[in-house]
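Contents: one structure, followed by commentary.
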Amino acid sequence: EYGENIPKPLVPIGYRPVLWHVMKYYAHFGYKDFILCLGYRADKIKEYFLNYNECVSNDFSMSGGGKSIDLRSSDIQDWNITFVDTGLHTNVGGRLRKVAPYLEGEEYFLANYSDGLTNYPLPRMIEQFKSTENVGAFLCAPPSQSFHLVGLGNNNRVGSIKSVADSGIMVNCGFFVFRQEIFNYLKPGEELVEAPFSRLIEERRLMAFPAKRFYAMDTFKEQQELTDMFNKGEAPWELWKNSRIGEKEGAMACEFEEQESEALIG
């Protein structure tokens, strides 16, 4: 609905794009080295950060009729952002493979679709993942949209109908943790969550962390809902705005399932 000139990661929630909210979430937990796998309208994302205005989302003092600006806080001054053009029609798996050289030497790395938000305690996810021999892990949650699942029998007679909320179905939220070994499972041309994840499932080296809720932004309605939450000051993913929520105590205010964390998929 925003037209062809705006890539999805730049669709705004409040006065910042969803991409900024995702990056701010990671930065809150100390992860401030970013690699942006660019494709469609890469120029727009580059321009956004090249022309970034800290004053929009920070308190500041102005003097001299605007000639002097004294920021009281900062968003991105300590962020390191690498912009990599990974191709206009490259799939997710291909984009990940193209930035592999930038990840050499890292024991593990985080990856994200940049089109949804969470308040899940990231340190909990990472530490529990690191304590296992799994190659990959991701956050999952019930679908954010409401619809019904229909089961058909003979002659197209309805055999069952159930609300997705009561189905127990979980969806991939796009918040990943990977070891370097993921590139041994990801072949050229493959999508990330199909063949590679199937191989990991067979070897029981893929895990998922269930959350009670995920804030997806797949439709114009969802974008409006998230913006309304932001405008009301009721955006759960903005952990950085609550001084009581730190890396060690973030789990206290986050929505996650108190169940076996090493939920092997398969």
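No lab work stands behind these numbers, since they all come straight from the coordinates. A quick note: this is a predicted structure, and the numbers were derived from the prediction, not measured. Glycine gets a Cβ as well: all are built from the backbone with ideal geometry, and neighbour counts include every protein chain shown.
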So what is the relative contact order for region 92-212, in percent, with contacts set as C-alpha pairs under 8 Å and at least six apart? 39
On a C-alpha basis, how far is the centre of region 197-217 from the centre of region 221-242 in Å? Whole number, if you could? 25
Within 10 Å, count the other beta carbons around each residue, average over each peptide in 118-126, 232-240, 101-109, 148-156, and list them highest first. 118-126, 232-240, 101-109, 148-156
Full-extension gain between Y31 and N53, please, as 0.36 nm times their residue separation minus the C-alpha to C-alpha distance. 5.8 nm
Once you have the Cα-Cα distance between E191 and Q145, take 0.36 nm times their residue separation minus that, and quote the gain in nm to one decimal. 14.1 nm
State which entries of K130/K232; K8/K187; K44/K98; K32/K221; K8/K130 exceed 29 angstrom in Cα-Cα distance in the structure shown. K130/K232; K32/K221; K8/K130
Taking θ as phi - 60°, what are the ³J(HN,Hα) couplings along region 23-33 by the Karplus curve (6.51, -1.76, 1.60), each to the nearest whole Hz, with x for Gly and Pro? 5, 5, 4, 5, 4, 4, 9, x, 9, 10, 9
Relative contact order of region 1-150, pairs being alpha-carbon contacts under 8 Å that are 6 or more residues apart, as %: 26
Please list the non-local residues whose amide H lies under 5 Å from the amide H of F34, H modeled 1.01 Å from N, same-chain partners needing a gap of 5 or more. N80, I81, T82
Excluding L38 itself, calculate the net charge of residues whose Cβ lies under 13 Å from the Cβ of L38, where each Lys or Arg counts +1 and each Asp or Glu counts -1. +3
